1. I need the Kirkwood Rh of the range 68-144: take the reciprocal of the average 1/r across all distinct C-alpha pairs and report it in angstrom.
2. From the phi angles alone, apply the Karplus equation (6.51, -1.76, 1.60; θ = phi - 60°) to the range 248-255 and give each ³J(HN,Hα) in whole Hz, x where the residue is Gly or Pro.
3. Kindly put 20, 91 in sequence by how many other C-beta atoms sit within 10 Å of each C-beta, fewest to most.
4. Near the amide H of residue 238, under 5 Å away, which other amide H atoms are found, from residues 5 or more places off or on another chain, if H is placed in the peptide plane?
Amino acid sequence: MAFEPKGTGYPQLIPEDGIFSNSSTAKYPLGMLAMDVNGNEYRYIKAAEALAVGELVTNTVMATWDTTVVTDGAVAVGDTVIHIDTTTSAFTANQYAGYYVGQAVAAGKGFLHRIKAHDSVVAATGEVDLILDHAAMEVIADGVALLIYHPYLVELTDADTENIAGVAIGTITSAYYGFVQVGGVHPGVLCDGSNGTAVVLNESIVPYATDPGQGQGYATADEAGDMEVANSPLIALEASTVDAGYVPARFTRRC
């Protein structure tokens, strides 16, 4: 197993069993991409809840802050602090350090700013300064709703329309670090082709909301609809109509 640290130009080796292990502390940079000799690709993540082999995962949005937090005072290009005053729950100091913050409105230019640090908030409706890892790259007006999330903190899919960010390759304890598969061929994606939609050979696998982490089929004769509506990176390599069955699947793109 090998990966290439950014900027080094040299591959680094990971022990073969390391790709299936999980740990309470991070052994590699979050988001790091690894590849095995067969071309299968894996990404290093932190699990927001317990994961088991074959389960579908999605990116975790900080639900209590999703679009309920707004700026208290305008942010200028070059500023390194965003002040907010509508937090909806208590949290500890630096609990969300490493998360990314950006405008959750159409006026935003798509910039995301990494949170370096913040103080604790004891009660809901508190206020806090988000210290940024780098200077703001855009103007953010006063009263603008913010989206705060972590691209490499994942949880089980639990809605039919959620983005698939990878497939678990082994057990990862909640709040632990490990790899999920994001490219190549996965030997067994957990699917409910009985209670959900039957899985069809060479058609997409999408999340099944009733069973968090499980997939289901998505069959359509309309190729454009299959790509645009399902928007799934997974194509089933065999059919399945059973509950909690494992279906081999190919990634059509890297997650």
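FYI, it's all coordinate maths here, none of it is from the lab. Just so you know, these numbers come straight off a predicted model, no measurement behind them. Every residue, glycine as well, gets a Cβ built from its backbone with ideal geometry; the counts of neighbours run over all protein chains shown.
1. Evaluated on the range 68-144, it is 12.4 Å.
2. Calculated HN-Hα couplings, in order: x, 8, 10, 7, 8, 7, 6, 7 Hz.
3. Exposure proxy ranking, most exposed first: 20, 91.
4. 202
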